[in-house]
Amino acid sequence: MTAELVRGQNHPLSQARLEIRISAGTPIVAVAALGDDNGRIHGVEWVAHPGAPTQPGLEVPRQAAADHRLAVDLDAVPEAVHRVSVLLALPVGGTGPARFGAVAAPFVAVTGLDGGEVASYTITGLEAESAVVALELYRRQGAWKVRAVGQGYAGGLAELLTDQGLPQAHQLAGNINDAVAQGLARSVQAPLPRTADGDRSRQAAAPALGPDQGGTAPQPGPVPPMSPYGGQAPGGPGQPGPQQPSYPGAAPDPNAVTQPSASTAGAPIDYSHPRRQNAAPPPPPPTAPPAAPGQPAQPVAGDATGWSMEERLYNQVWGMFEDLARTTAAYRSAVDFAESRMDKELEQVLSDPRSRIGGQGDAAREAARTRHAELVAQAREALDRDLTQLAAEADVVEPALPPAYARWDNPVWHAYRVPMEIPMALRLGDLHLPEADRIRIPMLVRLPLERGLWIDSGAAGVSDGSFTDSHAMSRLAMETAVAHAARLLAVYPAGEFTVHVIDPAGSGAQSLAPLVQAGVLAAPPAGGAAGVADVLGRLTQRVDLVQMAVRGGAADSLPPGFDTSQQLLIVNDFPHGFDDRAVNQLRYLADEGPAFGVHLMMVADREESSGYGPLLDPLWRSLLRLTPVADDHLADPWVGHAWTYEPALLPPGSQVLQQVLSQVAAARTKFM
Amino acid sequence: MTKGQAISLQKNDGGSLTAVRMGLGWQAAPRRGLFGSRTREIDLDASAVLFADKQPVDVVFFRHLVSDDGSVRHTGDNLVGGVGQGGDDEAILVDLARVPVHIDQIVFTVNSFTGQTFQEVQNAFCRLVDETNGQELARYTLAGGGQYTAQIMAKVHRSGQGWTMTALGNPANGRTFQDLMPAILPVL
């Protein structure tokens, strides 16, 4: 039976040989320190850290990792020791976040050697701290106990160790950081093969189709709608050969996904069974502290299934999406029912001749209205109860999101570093319903993209009518496109995402300036008919080449130096500057491109290409329509509510985009 | 539980039930001799129909596994049955606390989709379980039941603050719940 500890709580330990499992969702350093009966650390030889991973009774990993296992043998620690503290710290000077407030709450579990969990603790409420005392194992009257501590230090390990009375605290903290930095440099960040596990997600990670996209209305029925989000077949056509370096003899290994840095080349200690690699369970998700009786449990970020924090958060967001959709459906159906019942009753009153005499009719009408109001009030109460819970969940989930899932105003973007891995999904904006205006569900789409995007610059589809000025609208659309493109560039590892721009008349130059100035585009925006033809020609050829190679089973015979990155083509002002040949090439790219890593982002008003008639309908249908302003055109896959979509735009005056893009540009230069 | 008996879903300790499961289990048709794979599989289906004021509002069955509001969930269609030793082969979970306020009755039904009558099915049963502790509230034996292909098992309806379950066990005929609607309406 696991005890889920809250801060300050203790729990007896019956075993002396223990394992401490830590999972944090981001690489962290784990240190174990011995203390005397006053909690003082006598010297550096009482600290097991990545530079000196074994001390009597202690063993810690040599490097920073998202998941750790520490071994503790309480019988083997010196007599003078009365306390063993487990310390966590964020690596200094790396690419990761610098404060625990920016990462998911770390989870610590004490287990026996048989794997049975004795106690666990989720360290919540950390903010600017970069080091934290997670747990303490302490000797009390001859018996050992564990206590959840959760004491954080903004000054990092140095401050923490000083506080524990270690004379050489600063020196030791420096040594630890050096050892971690070396460990990071040593570990090989292999581009991970996205196996089936990479695509593992909530089964209903299915479709949000706009009503105007001809999708099957997701009603009860046997037809599973096609999805912009849904998982794609592993190793299927979505993954062109060159994207997936093959490791000879390597079977698809889910562990590759779960242990990004721990089990790669540099790690000297491998705790897993050598021949049973697939069986190692992922670290347990953070669990909610026990709820007070009669109260719903406090929500916790990452409280969902998954092999990594990222996947858990993804699933949690989808869970919130579904719950909000269904809760609202319950409310709407109750209100509809109340109204239809009232209408029926009022009609009955009208048709009953007796009601014309005296006050009977009025009384009956009044009764019908009261019944209606009562039911609606009950429904509202149930809705409010659920919304309160979801809002509380959103409040903890939103700050815990990694950059790819986070809004631009999330502080995590200020700590942005160019990632080493493609994230599971990307946030394109927020979704909300009129009943629950305060709850914004992140709209996450799976990466790599499975369909192109269409940023609709037409004012027609927009409900509020405040953007009747088509120039303002197209500028806004282009800015939205730039924000999305920048986000895509930022979440892909250096050199794995390339953006091309077609801007025939140069009308998007102002909006494109951040991309152009940062130097993250493959080439300056192509203008004029010749530029259009050139860019389309090259991309068409590329798709054709990769397609041939993949179909011929000769993916490795592509010319050396072939750029295997994903390509995004932003097309502004379509169809200006497009001749018939160019339109055909564009249609080819829309059809064949996504499977071979070439995606479209059309910034266009559909009306302007109406001259082509129905010819282009399949093109528009194949794209995920997004709007530059809030618009309720997206449907959820469960009950088909119309959700209001709001694009992920930069806060006015924010410099985040420039900062992020300059890092992307710097990483690209290094990569080249 | 016997036919027509009603039990309140208030727990003994005063708390009310928050989640119930309707489980359905039956034994797969035995394999016979040569071309054994050509046995006639038995496919029973469990469904739940949600009523508001005697109007059907939503239904949970193998083509619509979750009610729109998310409170009633079907664990998935089983086409062949199980070992016939008492385990559920299909189940419908009801989260009573989240059932929309206007839904006042939920009727559970069982149909033989492949057309065998309950006389031909072996070890078939249907039961209601308190999901919070796994305790069985009611159990029916279907097998050897007679020349009919469907049964209206039970209904769960609001009474006061809580819910009450009434065992029905009315025989009927039909392939899916739609065919049963005429038989369901009188029991509401």
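The values are calculated or read from the model by the stated rules, or taken from the named source; none is laboratory data. Predicted model only: the values in this text are computed from it and were never measured. Note that we place each Cβ from the backbone using ideal geometry, even for glycine, and neighbour counts take in every protein chain shown.
A few notes on this one:
- Under the condition of being over 19 Å from A:Asp456 (Cα atoms) and in a helix (DSSP H, G or I), the residues counted in segment A:590-615 number 5.
- Number of residues in segment A:360-410 that are without any contact (Cβ under 8 Å) to a residue 60 or more places away in the chain, β-branched (Val, Ile, Thr) and under 30 Å from A:Leu650 (Cα atoms) equals 1.
- Hits in segment A:80-112 - residues which are within 19 Å of A:Pro61 (Cβ to Cβ), assigned to a loop (DSSP other than H, G, I, E, B) and without any contact (Cβ under 8 Å) to a residue 60 or more places away in the chain: none
- Only one of the numbered conditions (1) touching a residue at least 24 places away in the same chain (Cβ under 8 Å); (2) surrounded by fewer than 22 Cβ atoms within 10 Å (Cβ to Cβ); (3) farther than 26 Å from A:Pro78 by Cβ is violated by A:Tyr138, and that is (3).
- The listed residue being within 14 Å of another protein chain (Cβ to nearest Cβ) and not in a loop (DSSP other than H, G, I, E, B), out of B:Ala154, B:Ala91, B:Ala124, B:Ala97: B:Ala97
- Qualifying residue in segment A:371-387 (condition: assigned to a helix (DSSP H, G or I) and more than 14 Å from chain B (Cβ to nearest Cβ)): no
- Yes/no for A:Val81 being aliphatic (A, V, I, L, M), farther than 30 Å from A:Met420 by Cα and crowded, with 24+ Cβ neighbours inside 10 Å: no
- Total residues in segment A:545-581, condition crowded, with 22+ Cβ neighbours inside 10 Å and either assigned to a helix (DSSP H, G or I) or hydroxyl-bearing (Ser, Thr, Tyr) (or both): 1
- Unmet requirement for A:Leu88, which otherwise passes all of (1) closer than 30 Å to A:Val664 by Cα; (2) modelled with pLDDT of 85 or more; (3) surrounded by fewer than 24 Cβ atoms within 10 Å (Cβ to Cβ): (3)
- Segment A:318-341 - residue that is within 30 Å of A:Thr26 (Cβ to Cβ) and in contact with a helix residue (DSSP H, G or I) (Cβ under 7 Å, 6 or more places away or on another chain) and, of those, nearest to the other protein chains (Cβ to nearest Cβ): A:Asp323
- A:Ala404 being touching a Leu at 6+ places or on another chain (Cβ under 8 Å), crowded, with 19+ Cβ neighbours inside 10 Å and within 14 Å of chain B (Cβ to nearest Cβ): no
- Segment A:137-154, residues that are part of a loop (DSSP other than H, G, I, E, B) and at pLDDT below 85: A:Gln141, A:Gly142
- Qualifying residue in segment A:347-367 (condition: within 12 Å of chain B (Cβ to nearest Cβ) and touching a helix residue (DSSP H, G or I) at 6+ places or on another chain (Cβ under 8 Å)): no
- Among the conditions (1) away from chain A (no Cβ under 14 Å); (2) on the phi < 0 side of the Ramachandran plot; (3) not hydrophobic (A, V, I, L, M, F, W, C), B:Gly84 misses just one, which is (2).
- Residue list for segment B:66-81, filter: part of a strand (DSSP E or B) and facing another protein chain (nearest Cβ under 8 Å): B:Val66
- Here A:Met309 meets the list (1) within 14 Å of another protein chain (Cβ to nearest Cβ); (2) out of contact with any Lys or Arg (no Cβ under 6 Å at 6 or more places or on another chain) almost entirely, failing just condition (1).
- Taking the criterion of being over 25 Å from A:Met309 (Cα atoms), in contact with a His (Cβ under 9 Å, 6 or more places away or on another chain) and crowded, with 19+ Cβ neighbours inside 10 Å, the residues of segment A:1-41 that qualify are A:Ala33, A:Leu34, A:Gly35.
- Set side by side, the residues A:Gly519, A:Gly553, A:Gly537, A:Gly527 differ, and just one is on the phi > 0 side of the Ramachandran plot, small (Gly, Ala, Ser) and modelled with pLDDT of 85 or more, which is A:Gly519.
- Just one of the listed residues (B:Leu128, B:Leu142) is buried (at least 22 other Cβ atoms within 10 Å of the Cβ), closer than 15 Å to B:Leu44 by Cβ and within 13 Å of the chain's Cα centre (by Cα), namely B:Leu142.
- Only one entry of A:Ala667, A:Ala630, A:Ala648 meets the criterion of being away from every other protein chain (no Cβ under 14 Å) and closer than 30 Å to A:Ser333 by Cα, and that entry is A:Ala630.
- Selection status of A:Pro618, part of a loop (DSSP other than H, G, I, E, B), over 28 Å from the mean Cα position of the chain (by Cα) and farther than 17 Å from A:His500 by Cβ: no
- In this entry, B:Arg63 passes the filter for residues that are within 17 Å of the chain's Cα centre (by Cα) and either free of Cβ contacts under 8 Å to residues at least 24 places away in the same chain or within 13 Å of chain A (Cβ to nearest Cβ) (or both).
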